[in-house]
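I have placed the structure first, in the form of structure tokens, so that the comments after it can refer back to it.
The values are calculated or read from the model by the stated rules, or taken from the named source; none is laboratory data. Model, not experiment: these values are computed from the prediction. A quick note on method: Cβ atoms are made from the backbone with ideal geometry, for glycine too, and the neighbour counts reach across all protein chains shown.
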Amino acid sequence: MANKLILTIALMTFTCIVNSQISFFKTYGENGYDFGYGVVQLPDSSYVITGASSSFHEGPSRAFMLKVDSTGKYIHSRSFGGDNSDIGRRIFHRENEGFWIAGYSNSFSTNADFDFYLIKTDESGELEWEKTYGTSDWERLWDAILLPDNGLIMVGETVGLASQEEDIYMVRTDATGDTLWTKRIETNLEDRAYSIVLQNDTTFLIGGIKGNDNLTKGFISAFHINGNIIWENELDSQNKSFISQVEVFGNEIYAVGSNVSTLNQNRPWIVRMDENGELIDEIIENHRPNDYYNHSAIKDADNFFISALSQVSGEFTELLLYKWHIFLYFNGLNYQLPIYDTHICHQMIVTNDNGIVYLGEIADPSFSKGGSHVSFLKIGPNDEIVESPEEILPILTITEIKNMATIIPYPNPFTNKIHFKSSDDNKKQPYVLTDINGKMISLGETDQQGINTFNLESGIYFLEIINPDSRLVYKVIKQ
């Protein structure tokens, strides 16, 4: 009887955990600009997210770690970097060894130029070490992989006086973050590595864009982990194109991106290749202008998920979700999220319960507190989708939120004047008031006179308050 009771409780607990993970749509942010770029799921089904945020008060942009539970609820967060801009692009985890965050930063260089930036923490997120990698030019990291030996290969671009437009830049490190090799690939046109994936223990693939004659072309290349090239395939000989993500499934290679039409419009593009880079099949879609595929995740042969971005009337960036079969025929999911000002996916992964998560950014004056929020959308194992953000959750710790809230505009909504509440009545800070399109309305200091708004039309405005160690953006509404 006791064993049956234990088994029943265990089954109920397991069922609750699985059901609680089915689907959700969360956003995280404060009064700044918050972007989600990379996500990893832990063995207990919680998630850790990295990105860039101006809500942390130490600098214009901080790289961060945001831990949430299996349903997307906030657990804790930490930030990393210096006094300038620090961005986390990818995050990796190994149980009992900790986390790695790969990104880029200009907080540590003498000339304020950007370099690749690598952070190592313990299991609790405490910083163990951080290092930068770069040249005399500016480097920007797009993707990275964690190797079995706990070293990393980071890929992206470098641009500056030593380059011909953008050049591909790659760095491999050992487990302590020391550089093993670097590689620069350049043509006379734009060259950039957007994606990297490990094909096997000794081979990795990169995809992106390279110059060829007078056009930039999408490409996939295979390299040995010692940095020597094995093969390369420039995938289109007629039109401009680019590859935004490369995947390996079984013995085949899949890539998504854009093939540009003769009218200079992006067209979604899917490529299927064998393990040696020979083209098997491709799909170029023409159903809507200026759509392109930007990220993908493959659960199994029937579930090849792809996110697409679409420019709507040149004003909004819309997120579309599709599902294909690995033989490149459409397979049932064609979902358009409600239109926001901006909604962009920056990474997709398969989850422990055989669902999919999309991580990115979202901005919409109807609910955003600041310029943008981290967007975290979970699709359930049977394609269950929550259509709209359920709530705005914090990205900062409680202490950081209290420390930042020194000057607050009131009332909100307002009528003819905005006043300021401050913990220090003698302290004045610069402010900038802009409309919903970013046009400046007024600027000054946060004194007791406040801001006269008698001539403003009713609507949504953004009030930015700046001091030496923080940047706060409030959404304010004129009645």
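Of Ser163, Ser77, Ser109, Ser136, all but one fail to be among the polar types (S, T, N, Q), assigned by TED's automatic domain parsing to the domain that holds Val374 and under 21 Å from Gly36 (Cα atoms); the exception is Ser77. Against the test of being part of a strand (DSSP E or B) and more than 30 Å from Ala301 (Cβ to Cβ), the options Thr182, Thr187 yield a single qualifying residue, Thr182. Comparison of Tyr358, Tyr335 shows that the only residue that is under 17 Å from the mean Cα position of the chain (by Cα), within 18 Å of Ser388 (Cβ to Cβ), assigned by TED's automatic domain parsing to the domain that holds Gly32 and in contact (Cβ under 8 Å) with a residue 12 or more places away in the chain is Tyr358. For the stretch 425-457, a residue qualifies if it is touching a Pro at 6+ places or on another chain (Cβ under 9 Å) and either at pLDDT 75 or above or in a strand (DSSP E or B) (or both), and the qualifying residues are Tyr431, Leu443, Gly444, Glu445, Thr446, Gly450, Ile451. Scanning the stretch 234-255 for residues that are surrounded by fewer than 20 Cβ atoms within 10 Å (Cβ to Cβ) and either hydrophobic (A, V, I, L, M, F, W, C) or within 27 Å of Asp213 (Cα to Cα) (or both) yields a count of 7. Regarding Phe114, is this residue crowded, with 23+ Cβ neighbours inside 10 Å and either modelled with pLDDT of 95 or more or of a type in the set (Phe, Trp, Tyr) (or both)? Yes; evaluated as a whole, the condition is true for this residue.
Picking from Val260, Val271, which residue would you name as being at pLDDT below 90, hydrophobic (A, V, I, L, M, F, W, C) and either under 26 Å from the mean Cα position of the chain (by Cα) or crowded, with 16+ Cβ neighbours inside 10 Å (or both)? Selected residue: Val260, the only one of Val260, Val271 that is at pLDDT below 90, hydrophobic (A, V, I, L, M, F, W, C) and either under 26 Å from the mean Cα position of the chain (by Cα) or crowded, with 16+ Cβ neighbours inside 10 Å (or both).
Please verify whether Asp201 is crowded, with 19+ Cβ neighbours inside 10 Å and more than 21 Å from Gly98 (Cα to Cα), treating the condition exactly as stated. No.
Among the numbered conditions (1) under 20 Å from the mean Cα position of the chain (by Cα); (2) part of a loop (DSSP other than H, G, I, E, B); (3) under 30 Å from Asp213 (Cβ atoms), the only one that Arg140 does not meet is (2).
Scanning the stretch 259-272 for residues that are closer than 28 Å to Thr182 by Cα and among the β-branched types (Val, Ile, Thr) turns up nothing.
Restrict the check to the stretch 195-202 and report whether at least one residue is among the charged types (D, E, K, R) and in a strand (DSSP E or B). Looking through the stretch 195-202, none of the residues is among the charged types (D, E, K, R) and in a strand (DSSP E or B). Can you say whether Gly81 is modelled with pLDDT under 95 and of a type outside the set (S, T, N, Q), as far as the supplied structure shows? It is true that Gly81 is modelled with pLDDT under 95 and of a type outside the set (S, T, N, Q). All told, Ile298 falls short of being of a type outside the set (Asp, Glu) and modelled with pLDDT under 95. With a requirement of 3 or more residues that are out of contact with any Ser or Thr (no Cβ under 6 Å at 6 or more places or on another chain) and within 28 Å of Asn96 (Cβ to Cβ), the strands (runs of 3 or more DSSP E) lying completely within the stretch 20-76 that satisfy it span 34-41, 47-53, 62-68. Please verify whether the stretch 154-165 includes one or more residues that are part of a strand (DSSP E or B) and free of Cβ contacts under 8 Å to residues at least 24 places away in the same chain. Among the residues of the stretch 154-165, at least one is part of a strand (DSSP E or B) and free of Cβ contacts under 8 Å to residues at least 24 places away in the same chain, which makes the answer yes. Inspect the stretch 32-41 for any residue being over 27 Å from Thr351 (Cα atoms), buried (at least 24 other Cβ atoms within 10 Å of the Cβ) and among the acidic types (Asp, Glu) and give the result as yes or no. No - not one qualifying residue is present in the stretch 32-41. Taking the stretch 347-378 as the range and being part of a loop (DSSP other than H, G, I, E, B), among the hydroxyl-bearing types (Ser, Thr, Tyr) and modelled with pLDDT of 85 or more as the test, only Thr351 passes. Given the criteria of a type in the set (A, V, I, L, M), part of a strand (DSSP E or B) and modelled with pLDDT under 95, does Ile283 qualify? Against the criterion (of a type in the set (A, V, I, L, M), part of a strand (DSSP E or B) and modelled with pLDDT under 95), Ile283 qualifies. Of all the listed residues (Gly177, Gly156, Gly160, Gly207), the sole one being surrounded by 17 or more Cβ atoms within 10 Å (Cβ to Cβ), of a type outside the set (A, V, I, L, M) and more than 29 Å from Gly250 (Cα to Cα) is Gly177. Of the residues screened, Gly207 is one that is out of contact with any Asp or Glu (no Cβ under 8 Å at 6 or more places or on another chain), closer than 29 Å to Asp113 by Cα and touching a residue at least 12 places away in the same chain (Cβ under 8 Å). Within the stretch 403-423, if we keep just the residues that are modelled with pLDDT under 70 and loosely packed, with under 14 Cβ neighbours inside 10 Å, the residue that is farthest from the chain's Cα centre (by Cα) turns out to be Ser423. Residue pairs whose Cβ atoms lie under 7 Å apart, sitting 6 or more positions apart in sequence or on different chains, and linking a residue in the stretch 40-57 that is outside the structural domain of Thr71 (by TED's automatic domain parsing) to a partner that is at pLDDT 90 or above, do not occur here.
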